[in-house]
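Trainee: Sharing a structure with you now.
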Amino acid sequence: IVMTADFVFERCHVNGWQLWAGCVAALLMGLNAIVMEFGTKAQAYGAGTFLTVGAFRFAVARPTIFRSAATGSLAGAAAACTLLTAPASVVLLLRTAWQRRWSDAAALLAGAVVPMLPVLISLVRAPYQTWFNLVRYHTSFRYVGWTGATANDLHVLMSWVDSGQALLLGIFAVAGLLFIRRKSDWSPAQRSQFYLAAWMAAALGAEAAVAHPTFPQYFIFMVPFLAMPAAVGFCEIARQIGR
């Protein structure tokens with residue numbers, strides 16, 4: 001929550017509403033029902049969210065080899081906690097390779113390997129069992145014996161329509177991205193960092209959506225990355241209404 005709010009506070013320039021925007025980002029994330037329920041459980045959701053946001057913060061900081069390696073280490077650790085966060089590593093690697101030197105991308109990739117070493121060692125020692133446990137079971141066997149798995153997926157994917165929090169978070173996020181795009185006093189670097197947050201949310205959401213069966217808590221990893229542009233959108237809408 002603090003890392004999400006601090007990101008918005010440092011970069012949001014909505015008519016001097018930096019403090020308000022940071023507070024809104026903290027509230028949008030901290031009061032989210034899924035974050036409150038599943039982010040505090042002794043499962044991988046809290047750790048995965050923390051590590052993914054940490055990787056994002058290192059990725060948008062001033063580029064150095066150390067920060068690139070730290071980005072990879074945190075993203076890899078998140079994936080080691082739960083493969084639902086694996087798309088974050090891919091997005092951050094592609095962004096680093098596109099916008100920075102190849103040495104930074106290599107450092108990120110090397111950093112991501114370190115927390116995955118236990119998995120890689122298991123893959124070498126017992127390739128079939130490791131592959132089945134991490135990949136094949138989830139892609140081919142999770143829904144076996146559950147005749148209502150597809151209906152459950154459709155219900156979960158459509159449940160955002162009945163969720164006021166999800167609707168508002170999505171609406172404010174879209175409004176924030178549109179505002180950031182048309183605002184001339186925002187630097188390209190500021191825009192690209194908020195766009196990166198949107199890509200992170202999209203990739204993590206796609207991963208959760210294709211899981212079969214899927215569950216609402218799988219989408220927890222999207223929340224901080226939607227809260228970042230949503231805070232900008234909320235403050236701009238509030239400013240327009242208050243004129």
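Trainee: Is it the case that some residue within segment 181-192 is open to solvent by 40 Å² or more (accessible area, probe 1.4 Å) and closer than 24 Å to Leu84 by Cβ?
Mentor: Initial filter on segment 181-192 (open to solvent by 40 Å² or more (accessible area, probe 1.4 Å)): 181-185, 187-189, 191.
Narrowing further to those that are closer than 24 Å to Leu84 by Cβ: none.
Looking through segment 181-192, none of the residues is open to solvent by 40 Å² or more (accessible area, probe 1.4 Å) and closer than 24 Å to Leu84 by Cβ.
Trainee: Exactly one condition in (1) within 19 Å of Ala208 (Cα to Cα); (2) part of a helix (DSSP H, G or I); (3) open to solvent by 50 Å² or more (accessible area, probe 1.4 Å) is false for Leu51; which is it?
Mentor: (3)
Trainee: From the list Ala238, Ala175, Ala206, exactly one residue is under 17 Å from the mean Cα position of the chain (by Cα), open to solvent by less than 60 Å² (accessible area, probe 1.4 Å) and of a type in the set (A, V, I, L, M). Which is it?
Mentor: Result of the check over Ala238, Ala175, Ala206: Ala206.
Trainee: How many of the residues making up segment 209-235 are assigned to a helix (DSSP H, G or I) and either under 13 Å from the mean Cα position of the chain (by Cα) or surrounded by fewer than 21 Cβ atoms within 10 Å (Cβ to Cβ) (or both)?
Mentor: If we filter segment 209-235 for residues that are assigned to a helix (DSSP H, G or I), which is where we start, we get 209-210, 216-235.
Checking which are either under 13 Å from the mean Cα position of the chain (by Cα) or surrounded by fewer than 21 Cβ atoms within 10 Å (Cβ to Cβ) (or both) leaves us with 209-210, 216-229.
Result for segment 209-235: 16.
Trainee: Residues in segment 165-197 that are at pLDDT below 85, of a type outside the set (D, E, K, R) and more than 26 Å from Leu94 (Cα to Cα): how many?
Mentor: Adding up the residues that qualify gives 1.
Trainee: Yes or no: Leu154 of a type in the set (A, V, I, L, M, F, W, C), open to solvent by 80 Å² or more (accessible area, probe 1.4 Å) and closer than 20 Å to Gly233 by Cα?
Mentor: Answer is no for this residue.
Trainee: Right, here's the next one. Go through segment 60-138 and tell me which helices (runs of 4 or more DSSP H), entirely inside it, have 1 or more residues that are farther than 28 Å from Phe194 by Cα and either open to solvent by 50 Å² or more (accessible area, probe 1.4 Å) or of a type outside the set (Val, Ile, Thr) (or both).
Mentor: 117-125, 127-131
The values are calculated or read from the model by the stated rules, or taken from the named source; none is laboratory data. As the structure is a prediction and not an experimental result, all values here were calculated from the model. Reconstructed Cβ throughout: ideal geometry from the backbone, glycine too, with neighbour counts over all protein chains shown. When the accessible area is computed, the model is the full protein with side chains, heavy atoms only, and any ligands, DNA or RNA have been set aside. Shrake-Rupley method; radii C 1.70, N 1.55, O 1.52, S 1.80 Å.
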